[in-house]
Amino acid sequence: MKAGACVAGALALPGCRHPAPEPPPRREGPFIARLKYGSQHARQFGDLRMPAGDGPHPIAMVIHGGFWLATYELSLMDGLCDALQAQGIATWNVEYRGMGHEGGGWPGTLLDVAAAADFLRALGMMQPLDLSRVVTLGHSAGGHLGLWLAARRRIRTGILANPNPLAIAHVVALAPLADLRAASKAGYTVVEKFLGGSPKDVPNRYADASPAEHLPLGVRQVVLHGTDDRIVALDLSRAYVAAAAAQGDDATLVTLDGLGHFEPIDPTSTAWPAVLDAVQPVAR
């Protein structure tokens, strides 16, 4: 199937910082369409995959990783999205500005994924999507962004505040950087580049951008992490899930024995059954 052409238009969406193009009319059967959720930058788009059947379908908002850097792209998640589409789950695989793009990093990266999430309201008016069953499925830095989307309703003031964000029903985070303050302390200097300083320099940015600062999130969270991950330390996920559970969240850590950082996004790997099992609650 070929991706559809990007659609032009002007639809104002709640919580968007800029106009977003209107989605296409409803189409029958499985398809893939590339759609723009914003008009300020070429990276403000996503790929919508619709499965077969009448629906309404649950939807996974899929967010790629790459330490929030411009060099990584949503194509990293194509195989995973195809596999979910075959399971009857719609996917919204989103691109966003990363560090290296104009406006990427703080706060543009966060504003982009927020606008992409809220754009699901428009997609739900045109396609048979069940917006009560939205799961964020993010990997690495994308795992951070997926958790943050569930947390952002707690942000009351500042540039990231939105009085009416799209509700997230469920979060699946694959090897995420869930606690930015802890990651900075552990030596992940990319976090300081992303937020423009250390926790001491820009404490309010850490308070707003880090999911760990907003616990409890009030949604089901499943964190999957390989025991042989050499890119994001398993201990970061252990500490985050323990903190979330202590705050009363329904949070679970699934350790993937002998696996590294990228196996969880590969539907041909031994990690895939655990990933699919984590996503499945939205499909029921």
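Here, each number is a calculation from the coordinates, and none is a lab measurement. Everything quoted here is computed from the prediction, not taken from an experiment. Cβ coordinates were reconstructed from backbone atoms using ideal geometry, including for glycine residues, and neighbour counts include every protein chain displayed.
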(message) How much of the DSSP bridge set in the range 31-283 is antiparallel, in percent, rounded to the nearest 5?
(response) 25 percent
(message) 7 Å from Cα along Cα→Cβ at both THR268 and LEU131: what's the point-to-point distance in nm?
(response) 3.8 nm
(request) Evaluate E = 1/(1 + (r/R0)^6) for ALA246 and ALA186, where r is the Cβ-Cβ distance and R0 equals 30 Å; express this FRET efficiency to the nearest 0.05. (result) 0.90
(request) Could you size up the charge dipole of the range 98-179 around its Cα centre, putting +1 on the beta carbon of Lys and Arg and -1 on that of Asp and Glu, and report it in debye to the nearest 20? (result) 300 debye
(message) Based on alpha-carbon centroids, what's the gap between the range 124-163 and the range 237-252 in Å, whole number please?
(response) 19 Å
(request) Might you report the magnitude of the Cβ-based charge dipole of the chain about its Cα centre, with Lys and Arg at +1 and Asp and Glu at -1, to the nearest 20 debye? (result) 760 debye
(request) Please identify the longest segment of the chain free of exposed GluC sites (Glu not before Pro), where exposed means a DSSP state other than H, G, I, E or B and no more than 11 other Cβ atoms within 10 Å. (result) 103-284
(message) Using amide H atoms built in the peptide plane, which far-off residues or other-chain residues are under 5 Å from HIS101 H to H?
(response) ALA70
(request) Quote the FRET efficiency, to the nearest 0.05, computed for THR255 versus SER198 with a Förster distance R0 of 35 Å and r equal to the Cβ-Cβ distance. (result) 0.70
(request) Determine the distance separating the Cα centre of the range 263-277 from the Cα centre of the range 50-116; give it in Å without decimals. (result) 17 Å
(message) Can you match Cα extents along the principal axes in Å to one of these, [x] 76, 66, 32; [y] 58, 35, 32; [z] 49, 40, 35, based on a calculation from the structure here?
(response) [z]
(request) Name the residues whose placed amide hydrogens come within less than 5 Å of the amide hydrogen of HIS57, ignoring near sequence neighbours (fewer than 5 apart) on the same chain. (result) LEU129, ASP130
(request) Between ARG284 and ASN164, take the C-beta separation as r, use R0 = 22 Å, and let me know the FRET efficiency to the nearest 0.05. (result) 0.25
(message) Helix-only mean residue ellipticity at 222 nm, the chain, DSSP H runs n ≥ 4 weighted -39,500 (n - 2.57), per residue, nearest 500. What is it?
(response) -8000 deg cm²/dmol
